[in-house]
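Q: Take a look at this one; I'll ask things after.
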Amino acid sequence: MDALFAIAGRDFVISVSDTSNARSIVRMKKNYDKTYKLSSHTLMSACGESGDIANFSEYIQGNVRLYSVRNSQDLSPSETANFIRNELASSLRSRNPYNVNMLVAGVDRNTGESSLYRIDYLAAMSKVPFAAHGYCAHFVYSVMDHEYKEDITLEQGFAIVKKCLTVLKERFIVDFPGFTIKVISSSGIREYSTNDI
Amino acid sequence: MARRYDSRTTIFSPEGRLYQVEYAMEAISHAGTVIGILSKDGIVLAAERQATSNLLEQSIGSEKIYEMNDNVVAGVAGLTADANILINQSRIIAQRYLQKYDSPIPVEQLVRRLCDMKQGYTQFGGLRPFGVSFLCAGWDSAFGFQLYQSDPAGNYSSWKAACIGENFSNAQSILKQEYKDDDSEGSSSTAGTQMTMDDALKLTCLVLSKTIDTAKLTSEKLEFATITLKNNKPHIHIYTSDEIDQVLTKYDSVIKPSNND
């Protein structure tokens with residue numbers, strides 16, 4: 001039921017996640033942030049099993065932060081994504097694997113290039129220009145496949161995001177109370193409201 | 001007096017010294033010299049082989065210079081057998097990092113992990129320290145070219161030019177005199193130096209000729225390596241004997257005068 005999707009331009013990534021925290025027919029919170037800030041220029045959004053998400057994400061956050069403090073330099077987004085995938089892969093063949101899907105978005109501080117990685121609960125990772133997790137993927141991929149071009153600007157990115165939100169409102173049976181929209185660029189992570197875009 | 005505190009590595013002397021560590025460093029000061037010089041475009045490592053004989057098959061295997069990773073090459077001074085263990089370990093460390101992060105290990109981190117290992121042997125376990133010092137020359141995207149020296153105590157520091165092994169203090173003073181330092185401030189991430197690779201090779205030959213005992217420098221007695229950038233990627237070149245001969249001939253002018261001293 002969670003909706004996560006993201007789209008990358010040359011030097012930015014827009015990450016969108018819904019803000020509903022629900023179980024079965026009950027919604028427990030309607031302004032729940034599904035993103036986790038890993039460093040000043042890397043953001044992770046996660047969906048799947050509630051307890052696993054929090055546990056795994058906080059574990060990753062801690063380790064990424066430890067690396068920064070130990071080595072006086074941040075992990076790049078690609079190093080972070082590979083680290084996450086490795087941890088998830090190790091847990092896969094344990095007694096109780098983590099059941100978490102995530103999107104890791106970031107901008108490399110040295111090169112200024114953006115990157116987006118889609119990692120699923122089986123620790124399969126791909127570097128992609130746009131991605132989605134959950135039921136929303138069935139709707140949102142159609143829009144992004146149609147609209148996406150290389151090197152889009154931020155405005156063009158927002159336009160695509162708007163179209164995605166529109167199609168979800170039109171055709172997805174579940175009505176979302178709201179969305180967290182965050183943009184990662186060379187100046188860091190900035191949040192936008194659905195009205196701003 | 002010192003004799004009482006010698007035998008166990010893991011205890012201090014009353015003066016607050018660790019004798020075993022100091023003795024290890026003493027062992028290294030009798031080993032073959034290794035020189036490292038940092039330039040704008042790369043790093044030169046040169047080493048003197050101590051085991052030379054007509055019967056030695058020297059084209060196979062190194063005694064002094066080893067590749068640790070695609071982006072780090074190290075020169076070793078001290079007990080070769082000890083060095084082999086540490087080199088093996090650092091290669092594993094580098095590969096584990098690559099597997100975990102899909103990115104080459106930053107040079108300082110590799111040196112630090114290696115030094116943490118060496119420090120362990122000075123504090124617990126009751127085993128003697130490693131009788132090895134390293135000169136690690138490497139490149140990473142964060143800090144460019146870097147040269148690190150590490151000793152048996154587990155200390156490490158970054159240098160523009162350094163020397164370990166026999167006659168190292170002699171070599172260090174020559175390097176201090178002759179090294180072309182950067183006059184201006186700024187540029188924190190890359191080495192502030194005006195030396196080119198050519199300058200570095202020349203200075204290396206000069207220092208080698210002054211610190212090595214033999215009458216004539218030949219490729220038999222030397223190991224040479226450089227690390228530079230090719231297509232924005234680090235490129236390690238360990239010289240063959242012919243290539244070393246070429247370098248020695250090229251900078252012959254620098255070598256010859258010193259033999260008249």
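Q: Output the residues belonging to region A:22-35 that are more than 16 Å from the chain's Cα centre (by Cα) and assigned to a strand (DSSP E or B).
A: Of region A:22-35, the ones more than 16 Å from the chain's Cα centre (by Cα) are A:22-31.
Within region A:22-35, A:Ala22, A:Arg23, A:Val26, A:Arg27, A:Met28, A:Lys29 qualify.
Q: Does region A:167-187 hold any residues that are surrounded by 13 or more Cβ atoms within 10 Å (Cβ to Cβ) and not in a loop (DSSP other than H, G, I, E, B), and which are they?
A: A:Val167, A:Leu168, A:Phe179, A:Thr180, A:Ile181, A:Lys182, A:Val183, A:Ile184, A:Ser185
Q: Here is a further query. Check region A:156-166 and report whether any residue there is within 13 Å of another protein chain (Cβ to nearest Cβ) and part of a helix (DSSP H, G or I).
A: Residues of region A:156-166 within 13 Å of another protein chain (Cβ to nearest Cβ): none.
Within region A:156-166, not a single residue is within 13 Å of another protein chain (Cβ to nearest Cβ) and part of a helix (DSSP H, G or I).
Q: Next question. Would you point out the residue of region B:89-126, among those that are of a type in the set (A, V, I, L, M) and out of contact with any helix residue (DSSP H, G or I) (no Cβ under 9 Å at 6 or more places or on another chain), that is least open to solvent (accessible area, probe 1.4 Å)?
A: That would be B:Val107.
Q: Still on this structure: Can you tell me how many residues within region A:103-158 are in contact with a His (Cβ under 9 Å, 6 or more places away or on another chain), among the basic types (Lys, Arg) and modelled with pLDDT of 95 or more?
A: Of all residues in region A:103-158, those in contact with a His (Cβ under 9 Å, 6 or more places away or on another chain) come to A:103, A:106-109, A:118, A:120, A:132.
Narrowing further to those that are among the basic types (Lys, Arg): A:109, A:118.
With the extra rule that they be modelled with pLDDT of 95 or more, the set shrinks to A:118.
Total satisfying the criteria: 1.
Q: Which numbered condition in (1) of a type in the set (A, V, I, L, M); (2) in contact with a Leu (Cβ under 8 Å, 6 or more places away or on another chain); (3) surrounded by fewer than 21 Cβ atoms within 10 Å (Cβ to Cβ) is the only one that A:Ala159 fails?
A: Exception for A:Ala159: condition (2).
Q: Does region A:39-66 hold any residues that are open to solvent by 20 Å² or more (accessible area, probe 1.4 Å) and within 14 Å of chain B (Cβ to nearest Cβ), and which are they?
A: If the condition is that a residue be open to solvent by 20 Å² or more (accessible area, probe 1.4 Å) and within 14 Å of chain B (Cβ to nearest Cβ), then A:Asn63, A:Leu66 are the ones that fit.
Q: Please state which one of B:Glu57, B:Glu26, B:Glu15, B:Glu67 is surrounded by fewer than 22 Cβ atoms within 10 Å (Cβ to Cβ), of a type outside the set (Ser, Thr, Tyr), without any contact (Cβ under 8 Å) to a residue 24 or more places away in the chain and not in a loop (DSSP other than H, G, I, E, B). Before you say what the answer is, go through the steps one by one.
A: On the way: B:Glu57 fails: not in a loop (DSSP other than H, G, I, E, B); B:Glu15 fails: not in a loop (DSSP other than H, G, I, E, B); B:Glu67 fails: without any contact (Cβ under 8 Å) to a residue 24 or more places away in the chain.
After ruling out the rest, the residue left standing is B:Glu26.
Q: Then there is this: Quick one: in region B:219-258, which of the residues that are open to solvent by 80 Å² or more (accessible area, probe 1.4 Å) and not charged (D, E, K, R) is modelled with the lowest pLDDT?
A: Quick first cut of region B:219-258, residues open to solvent by 80 Å² or more (accessible area, probe 1.4 Å) only: B:220, B:230-233, B:242, B:246, B:249-250, B:253, B:256.
Next, only the ones that are not charged (D, E, K, R) stay: B:231-232, B:246, B:249, B:253.
Working: B:Asn231: 94, B:Asn232: 91, B:Gln246: 92, B:Thr249: 91, B:Ser253: 79.
Result: B:Ser253.
Q: Select from region A:86-124 the residues that are part of a helix (DSSP H, G or I) and within 14 Å of chain B (Cβ to nearest Cβ) and write down the one among them that is surrounded by the most Cβ atoms within 10 Å (Cβ to Cβ).
A: Filtering region A:86-124 for residues part of a helix (DSSP H, G or I) gives A:86-92.
Among the residues that remain, those that are also within 14 Å of chain B (Cβ to nearest Cβ) are: A:86-90.
Working: A:Asn86: 16, A:Glu87: 17, A:Leu88: 24, A:Ala89: 15, A:Ser90: 12.
Checking each candidate, the answer is A:Leu88.
Q: Still on this structure, I have one more. For region A:67-85, give me each residue that is within 10 Å of chain B (Cβ to nearest Cβ), open to solvent by 50 Å² or more (accessible area, probe 1.4 Å) and not in a loop (DSSP other than H, G, I, E, B).
A: If the condition is that a residue be within 10 Å of chain B (Cβ to nearest Cβ), open to solvent by 50 Å² or more (accessible area, probe 1.4 Å) and not in a loop (DSSP other than H, G, I, E, B), then A:Arg70, A:Arg85 are the ones that fit.
Q: Looking only at region B:92-112, which residues are more than 11 Å from chain A (Cβ to nearest Cβ) and within 13 Å of B:Ser150 (Cβ to Cβ)?
A: Our first condition is that a residue be more than 11 Å from chain A (Cβ to nearest Cβ); within region B:92-112, this holds for B:92-95, B:107, B:110-111.
Scanning region B:92-112 gives B:Val107, B:Leu110, B:Val111.
The values are calculated or read from the model by the stated rules, or taken from the named source; none is laboratory data. Computed from a predicted structure; not experimentally measured. No Cβ is skipped: glycine too gets one built from the backbone with ideal geometry, and neighbour counts run over all protein chains shown. Protein only, heavy atoms only, side chains kept; ligands, DNA and RNA dropped before computing areas. Shrake-Rupley method; radii C 1.70, N 1.55, O 1.52, S 1.80 Å.
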